[in-house]
Amino acid sequence: MLKGKRIILGISGGIAAYKSPLIIRLLKQKGASVQVVCTQNALKFVTLPVLETLSENSVYLDVFPKNRAYSTEHISITDNADAMLVAPATGNVIGKFASGIADDALSTTFMAFDKPVFIAPAMNTKMWLSPIVQRNVKMLSELKHILIGPGEGDLACGYAGAGRMSEPQEIVDSLEAFFSSKSLSGKKVLVTAGPTFEKIDPVRYIGNFSSGKMGYAIASVLASRGAEVVLVSGPVSIAADPKVELIATESAMQMHQACLKQFPKCDAAIMAAAVADFRPADFSNKKLKKENTDSLTIKLEKNPDILAELGSKKKKGQIVIGFALETDNEVENARKKLNNKKADLIVLNSLNDAGSGFMHNTNSIVLVDRTGKPIKYPLMSKTEAAAIVVDALEALLNVKK
Ligand SMILES: Cc1cc2nc3c(=O)[nH]c(=O)nc-3n(C[C@H](O)[C@H](O)[C@H](O)COP(=O)(O)O)c2cc1C
């Protein structure tokens with residue numbers, strides 16, 4: 001899908017620029033041609049000969065080159081490209097892009113570029129969470145630029161948290177998904193993602209470790225294939241693809257209501273949220289106090305089973321795909337879930353596989369359907385796993401490619 005595509009790779013001066021050569025390699029392996037445009041500061045982290053050798057192209061660096069005639073290269077390279085990817089995007093260039101500043105080769109090229117732009121931010125957590133960066137990112141997203149990540153994890157500065165550039169493979173997968181065929185145009189798909197928070201009192205809740213990454217990746221792949229996507233999400237700290245309609249919920253009851261409302265309008269539902277089975281039977285309007293008691297018992301009552309309700313009661317020809325996270329008798333339990341909830345497919349992820357399940361950027365999934373043997377896939381990025389789930393949905397919907 002990237003074969004023959006002409007990609008401008010913008011590189012700015014963040015530590016993650018040391019990974020940009022790998023992005024060039026991956027794009028070239030997919031058959032794309034790469035034109036690098038970088039800031040002067042990017043060259044503090046990666047060298048010109050590496051970028052030129054791997055891209056097999058000169059690097060556009062200077063709007064006013066010293067030893068050459070002035071040109072309008074910032075315009076001509078945009079005419080010859082299909083997409084622009086900025087990875088890493090520093091807080092500084094994100095600010096310039098959002099504010100309309102064009103004072104170097106990269107920001108000037110961005111301003112002149114009128115085709116899809118992908119932005120992979122990378123910075124220290126404190127920078128990423130600063131209100132200014134968040135405002136700028138939101139603005140770029142509203143202008144339909146496509147944000148990739150950032151992910152969470154160990155950062156080069158010694159911090160751990162949000163701000164880590166998405167892995168090169170994930171970034172290239174996102175571009176590939178964007179250029180893939182629009183096989184799902186005309187289809188509407190409901191996706192659920194993230195955890196649910198079940199309130200105990202105004203300051204406490206029962207939750208789980210779901211990050212929402214798998215469901216958000218599925219929503220993004222569906223949208224890239226032309227589907228209309230409604231994403232019902234629990235509380236997460238990641239941004240949704242701007243092409244999807246996001247319905248933010250908090251509790252299982254809210255998610256249940258939103259799904260019941262959306263499902264009749266959809267051709268399929270992919271239920272990737274980790275919905276709490278139980279919620280506190282009583283919600284205290286006041287913060288529970290620890291004084292005068294050595295223990296606390298919270299009575300729980302059952303939440304509605306959204307997957308079962310859609311699969312066995314509400315389904316009118318729609319395809320319903322559920323997720324299962326098991327710790328033992330995995331395939332057997334997934335099969336039970338498939339039958340009991342009348343789902344068409346269960347995507348099993350195991351907590352026993354390293355790098356799989358909650359929080360990780362990777363997953364190893366097993367597809368369990370009504371007919372065949374379970375199909376186990378190796379550990380891969382959540383974007384790749386999402387593409388496999390969407391391929392399976394297409395097969396169930398009988399979509400012609
Ligand atoms: C060692 C080091 C690492 C840095 N890493 C980042 C980074 O990951 N993200 C970021 O936004 N800025 C980072 N900075 C700060 C930028 O380099 C600085 O804001 C610079 O002006 C960005 O220039 P540019 O956006 O024009 O490339 C780093 C600075 C240093 C000294």
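Read the figures in this text as sums done on the coordinates, not as results from a lab. Computed from a predicted structure; not experimentally measured. Positions of Cβ are generated from backbone atoms using ideal geometry, with glycine treated the same way; all protein chains shown enter the neighbour counts.
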Against the 2.2 N^0.38 Å rule of thumb, the C-alpha Rg of the chain sits at a ratio of 1.07
If one builds a Gaussian network model of the chain from Cα atoms under 10 Å apart, the most fluctuating residue listed among Val244, Val236, Val203 is Val203
In vacuo Debye sum over C-alpha of segment 6-179, base-10 log of normalised intensity I(q)/I(0) at q = 0.10, 0.19 Å⁻¹, listed in q order, is -0.33, -1.30
If every Lys and Arg gets +1 and every Asp and Glu gets -1 at its Cβ, then about the Cα centre segment 6-179 yields a dipole, in debye to the nearest 20, of 240
Tilt, helix 20-29 to longest principal axis of the chain (alpha-carbon atoms), in degrees rounded to tens, equals 80
Amide H neighbours of Glu326 at under 5 Å, excluding residues fewer than 5 places away on the same chain, with H built from the backbone geometry, are Asn349, Leu351
Asserting the computed 222 nm helical MRE of the chain (DSSP H runs at least 4 long, -39500 (n - 2.57) per run, divided by residue count, to nearest 500) equals -9000 deg cm²/dmol
Fraction of alpha-carbon pairs in segment 209-306 farther than 17 Å apart, rounded to whole percent, equals 59
Percent antiparallel among DSSP beta bridges confined to the chain, nearest 5, equals 30
If Val50, Val137 are placed from fewest to most neighbouring beta carbons inside 10 Å, the sequence is Val50, Val137
Over all pairs of different Cα atoms in segment 113-173, the reciprocal of the mean inverse distance gives a Kirkwood radius in Å of 12.1
Lys138 and Asp391 label points (each 7 Å along its Cα→Cβ direction) are spaced in nm at 3.8
When the chain is treated as a Gaussian network with springs between alpha carbons less than 10 Å apart, the largest mean-square fluctuation among Tyr216, Tyr18, Tyr377 is found at Tyr377
So the angle from the long Cα axis of helix 252-262 to the longest Cα principal axis of the chain, reported in degrees to the nearest 10, equals 70
Among Thr371, Thr383, Thr108, the residue with the largest mean-square fluctuation in a Gaussian network model of the chain built from Cα contacts under 10 Å is Thr371
Pseudo-spin-label distance Asp201 to Leu296, built 7 Å along Cα→Cβ, given in nm, is 0.5
Fewest-first ordering of Leu260, Leu85 by Cβ atoms within 10 Å yields Leu260, Leu85
Taking Cα atoms only, helix 213-224 is inclined relative to the longest principal axis of the chain by an angle, in degrees rounded to 10, of 60
With the dipole of the chain defined by +1 on each Lys or Arg Cβ and -1 on each Asp or Glu Cβ, the option from Gly161, Asn136, Met253 whose Cα lies farthest towards the positive pole is Met253
Cα pairs beyond 22 Å in segment 188-397, in percent, come to 49
Most exposed to least, judged by fewest other Cβ atoms within 10 Å, Asp173, Asp328 sort to Asp328, Asp173
Residues whose modelled amide H sits under 5 Å from the amide H of Ala269, counting only those 5 or more places away in sequence or on another chain, are Leu190, Ile319, Val320, Ile321
1/(1 + (r/R0)^6) with r = Cβ-Cβ of Lys66 and Phe209, R0 = 51 Å, i.e. FRET efficiency to nearest 0.05, evaluates to 0.40
